[in-house]
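The structure under discussion appears below in the form of structure tokens.
The values are calculated or read from the model by the stated rules, or taken from the named source; none is laboratory data. Not measured: the values here are computed from a predicted model. Here the Cβ positions follow ideal geometry from the backbone for every residue, glycine too, while neighbour counts run over all protein chains shown. Each accessible area value is taken on the protein alone, full model and side chains, heavy atoms only, with ligands, DNA and RNA left out. Shrake-Rupley method; radii C 1.70, N 1.55, O 1.52, S 1.80 Å.
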Amino acid sequence: MSLIETIEKDFLEAQKARNESVVSTLRLLKSEIQKKAKDPSMVGKEMNDEVALQILKIQVKQRNESIAEYRKANREDLASKEEQELKIIEKYLPEQMSEEQIREIVKKVVANSSANNFGAVMKEVMAQTSGAADGKVVSSIVKEEMGA
């Protein structure tokens, strides 16, 4: 079952169970996926799990930023709501790799890379981790390993 189908199935189950927090979060995800499907950049392309995964990552990033801002403003009520949504969204993301696993991949890519180009190394590492690694963590490890 694809990621999009899973979200749809879980949305219907949450509606039947009258779980409003899950329903509202999944409704938002479905809306973002539909918006992306209608985007001009998607003309002639198929909406697949990779695109849906990118949307989920954007939503996670937005939630993390909101949580930080709400905490700065002493709005714990709003921060906890965002955390609840974040937990729901994270269920659909692949399990994240550990720092050690990422470091091993980075070392291999740097060793096999003929050019000492940060961008090229980042691109290759992100392709190999296929959504299971946070870009900030990968970036910091690449910088360490390349001595930048």
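Given the structure, is A120 open to solvent by less than 60 Å² (accessible area, probe 1.4 Å) and part of a helix (DSSP H, G or I)?
When the stated conditions are applied, A120 passes them.
Taking the range 123-148 as the region of interest, how many residues are among the charged types (D, E, K, R) and crowded, with 16+ Cβ neighbours inside 10 Å?
3
Determine the pairs where a residue that is aromatic (F, W, Y), located within the range 76-95, has a partner that is open to solvent by 30 Å² or more (accessible area, probe 1.4 Å) with Cβ atoms under 8 Å apart, the partner being 6 or more residues away or on another chain.
Correct list of pairs: Y92/T6.
When you go through E46, E82 one by one, which is the residue that is closer than 30 Å to I141 by Cβ and out of contact with any strand residue (DSSP E or B) (no Cβ under 9 Å at 6 or more places or on another chain)?
E82
Would you be able to tell me the number of residues in the range 39-70 that are exposed (fewer than 13 other Cβ atoms within 10 Å of the Cβ) and either aromatic (F, W, Y) or outside any helix (DSSP H, G or I) (or both)?
Going through the range 39-70 one residue at a time, the tally reaches 6.
Mind listing just one residue for me: the one in the range 6-38 that is basic (K, R) and part of a helix (DSSP H, G or I) and, of those, most open to solvent (accessible area, probe 1.4 Å)?
Per the criteria, the residue is K16.
What number goes with the only condition from (1) within 30 Å of M1 (Cβ to Cβ); (2) touching a helix residue (DSSP H, G or I) at 6+ places or on another chain (Cβ under 8 Å) that V43 does not pass?
Checking V43 against (1) within 30 Å of M1 (Cβ to Cβ); (2) touching a helix residue (DSSP H, G or I) at 6+ places or on another chain (Cβ under 8 Å), the one that fails is (2).
Sort out which residues of the range 71-95 are assigned to a helix (DSSP H, G or I), closer than 23 Å to I7 by Cα and among the hydrophobic types (A, V, I, L, M, F, W, C), and write them in order of number.
L86, I88, I89
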